[in-house]
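The values are calculated or read from the model by the stated rules, or taken from the named source; none is laboratory data. Computed from a predicted model, the values in this text were never measured in an experiment. No Cβ is skipped: glycine too gets one built from the backbone with ideal geometry, and neighbour counts run over all protein chains shown.
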């Protein structure tokens, strides 16, 4: 079993990158053939080596599986399963928390989860990430700024001044993010649109014009055309987009025509329709994703929590040949407001909460500037003082905010069925009948 490295090993990344680029040039039918072969190997591996799948999979279905169309007979993996299953139930034989790397996400359903990847898994994921950047036009001389909570590992090319990475820490104050951004002097940006938008808005408020950015690679959520134009106009930059998640990484990326094409050779995308039927890479409904390169913690038929609309490829780009994701109704987050009126992205707050095992679901709510409420659904038997500990943890990352923690039996979804992780409310519209026990600590 390979050990985790303290720096990125470029050899497997280069090897996998060559494979990714070669496969994406193939016809859709050829990519589906590769998909079927990888899927059969993955399902056999999961059945033989992962306790959860050995328990819930039927041996005859595993033996009879030939292509993605056969997956509909297999059970769906839910976010709740990842949260509630005992440790090790989804890890393959030989893998432990010590020889895998954790990736955490709050997710669009408000259920905190942790995904674990082996060094081999990471080699492939990094290659697809690099392909996203190459598709966005990155150059070896670019200074790449990543807007995220935690920094990436360093890579050897940085010693030669190539593809230098700079971290804009989204768990810090807006002022600290702006300082990190300006100090990096980036030419290529990667991050959630609302995070980048908050920094650009603050630059505009200060009267600072930064025109060094060539390209912005948006991922994780969709912006309105107006909000997107405001970011790009201020930076004077072009943009590309990826549809991705922490759990399965890149699902689709934009072609030169701006259409999101599926990565059919690297994952299986199913669409579960309103009538309960399932189709592969077609139609409108909830997305189920199977990542085909995942030895440590296979996620098979994973319910991501997004609704999508996928149609056959009719794009004239001539580059991508796979079906197109026309619409994603995914995670939705509002931006919080400081007491002085400045807006900032609040996703990082969930990282301070999700390590508490008592928390089953959560939502960050703001009803007035400078104050937030953490709504939590706690697991049965949760200790009585956990809300005080949660409040203290949040206060450490938001020292200038008034923090309230509320235990509630239920977090209401939005009209589209999604739970908004970060939500700004008009106090006049707050439901006075909502039941919950507030702990103002």
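Overview of results
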item	result
Condition met for residue 17 (within 26 Å of the chain's Cα centre (by Cα), under 24 Å from residue 99 (Cα atoms) and surrounded by 13 or more Cβ atoms within 10 Å (Cβ to Cβ))	yes
Verdict on residue 183 being more than 22 Å from residue 350 (Cβ to Cβ) and in contact (Cβ under 8 Å) with a residue 24 or more places away in the chain	no
Residue within the stretch 64-81 that is part of a loop (DSSP other than H, G, I, E, B), buried (at least 18 other Cβ atoms within 10 Å of the Cβ) and within 23 Å of the chain's Cα centre (by Cα) present	no
Strands (runs of 3 or more DSSP E) contained in the stretch 312-359 and holding at least 3 residues assigned by TED's automatic domain parsing to the domain that holds residue 22, within 21 Å of residue 258 (Cα to Cα) and at pLDDT 85 or above	324-329
Subset of the stretch 115-148 (residues that are within 17 Å of the chain's Cα centre (by Cα), part of a strand (DSSP E or B) and buried (at least 20 other Cβ atoms within 10 Å of the Cβ))	115, 117, 146, 147
Selection count, the stretch 409-428, where residues are in a loop (DSSP other than H, G, I, E, B), surrounded by 19 or more Cβ atoms within 10 Å (Cβ to Cβ) and either touching a helix residue (DSSP H, G or I) at 6+ places or on another chain (Cβ under 9 Å) or modelled with pLDDT of 80 or more (or both)	2
Residue within the stretch 108-128 that is modelled with pLDDT of 90 or more and over 30 Å from residue 85 (Cβ atoms) present	no
Residue satisfying condition, being free of Cβ contacts under 8 Å to residues at least 60 places away in the same chain and surrounded by 15 or more Cβ atoms within 10 Å (Cβ to Cβ), within set 356, 351	356
Hey, residue 174 farther than 21 Å from residue 135 by Cβ, in contact (Cβ under 8 Å) with a residue 40 or more places away in the chain and touching a helix residue (DSSP H, G or I) at 6+ places or on another chain (Cβ under 7 Å) or not	yes
Enumeration of residues in the stretch 1-43 that are assigned to a helix (DSSP H, G or I) and in contact with a strand residue (DSSP E or B) (Cβ under 8 Å, 6 or more places away or on another chain)	35, 39, 42
